[in-house]
Every structure is written in structure tokens, then in C-alpha cells.
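I have placed the structure first, in the form of C-alpha cells, so that the comments after it can refer back to it.
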Amino acid sequence: MKRKHILYRDVADKLKEDIMSGRYPIGSFLPTETELEATFNVSKITVRKAIELLAADEYVEKRSGRGTTVLSNRPYNKLSKGTTFSQLLEKTGKEYTKKNLSYELVELAPEHPAYSLMGKEVMRLRRMYYFDHQPFIYYEYHLPKQLKGTSIEVFEEKSLYRLLDEHRMIIDRFQDAFVATTLTEEQQKFMITPEVAALKRTRYSYDLQGEVVEYTEGIYNTALHPYMIEFEA
């Protein structure tokens, strides 16, 4: 179901863009409610609901008598209390690196899972992660063809989700699925492993309108390291 047009969410999205662009740096104050009312030509209630939305995602903190302080400019804060898999790997002391293999416009076959979600043409980013100098995770990202003008070098400098944000494709939610899979001979050669069993991860990223803006498949050679996530209680 597509999300209905909500004015306070539009205000929150614009303020979030301004925070990420550096217009409102971390530690600075957002304009007052009165100033935001005038800027967006909306009611005080709309402004307050927008601020509440940003506060719930831990971008800002509102204190009575002090104003609204910017706390973070990270694309996604809802998972900020969890330690990501990448962070856990870095704690092992072993080298964990990535290499972008290719980035190109491709035509999907009708039977491809992303075809019905994103259309016939998508941008495909192929990436390999290495753990202790060995191929560990292989990803194929399927992205909107509006990113066609982006060079592969940009993905060395910016995260995928920051790039989507900059193109006004704001992610509202993720859906990840994990299943056991069997590597083909071709995949074994590509990942340089004799292992047959692996973990497959499929990610769907949805924008504010409920449309899929990313379909990604990843293959993990969990014989090198198990997949883990650590959360604070």
C-alpha cells in the first residue's frame, strides 16, 4: 500500500536533507518553530509533528526553553544502538575490505525477482568483500536507473544509502531475508572456496511511497566467519 501524502513528513524530509547537506551541522540548532512555520507555510502542529518524527529517529533533540539541537547526520539512526556485522568483523583485527567490481545499466529478464519491482532496466553494482584477504561476501545491488550518471568511483567515497538520499530516494524501511543456499561450481570458483554451503541475503529497500528502490542479493561464505549482529540491551 502506498503511503498517503503527509505534510508533516514532507517537512521532516526537507529538514533531514538540510541536516545531511551540512546546512544544520551536528550541535547546531534548527530554526525556531515560528521560523519553520513561515519557511514552510504550515501550522505549528505540522512543525511539531515533523520535529517529533526527526527526534524519534534520533536526528534531533528538543528541549523546552533551549530549542532543537541536531544530534546526527547519518542516513539511518534506527539501528544506531546495534553493532553492525562490518563493525564486528573490524574488531577481529583481521583485514576487512571491499572492491567494487562493476557498475552498469542492465536489462533484467522477466523472471528476475527485481523485474516486477523496479522495471526492465536497472543499474547493477557488483561488489566483493574480502575478509583476511579471502573473498567473503559477493553482492549484486539493483538500483534505480536514475542513478545512471553516477560513476563507480563515487561508491568508493559515499555509502549507497547516502547516495540514494542525495537523489531524493529516502529509505523508509528495509526488509532482509536470510536463507541457506548451495554454491554452484561457478560461484565456488568466483569466491575461491571449496565450500558448498553458504548464506544468501536478500534485501528490499522501500522509499516513503512504499516503492522498492533497491533489490540486493548477497552470498556469504560463512565458513570464514559466521554472520553476527550485536545489540545493546
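Counting only residues that are touching a residue at least 40 places away in the same chain (Cβ under 8 Å) and under 13 Å from the mean Cα position of the chain (by Cα), give me the helices (runs of 4 or more DSSP H) lying completely in segment 120-233 with at least 2 of them. Spell out the reasoning first.
Values: elements: 154-157, 160-166, 185-190.
Counting at least 2 such residues, we get 160-166.
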task: Please indicate, with yes or no, whether at least one residue in segment 54-67 is touching a residue at least 24 places away in the same chain (Cβ under 8 Å), open to solvent by less than 80 Å² (accessible area, probe 1.4 Å), in a strand (DSSP E or B) and in the same structural domain as Arg9 (by the TED database).
output: yes
message: Restricting to segment 7-34, give me the number of residues that are more than 22 Å from Arg168 (Cβ to Cβ), of a type in the set (S, T, N, Q) and open to solvent by 70 Å² or more (accessible area, probe 1.4 Å).
response: 2
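The values are calculated or read from the model by the stated rules, or taken from the named source; none is laboratory data. The structure displayed is predicted, hence computed values, not measured ones. Virtual Cβ from ideal backbone geometry, glycine too; neighbours counted across all protein chains shown. Keep in mind that these areas ignore ligands, DNA and RNA; they rest on the heavy atoms of the full protein, side chains included. Shrake-Rupley method; radii C 1.70, N 1.55, O 1.52, S 1.80 Å.
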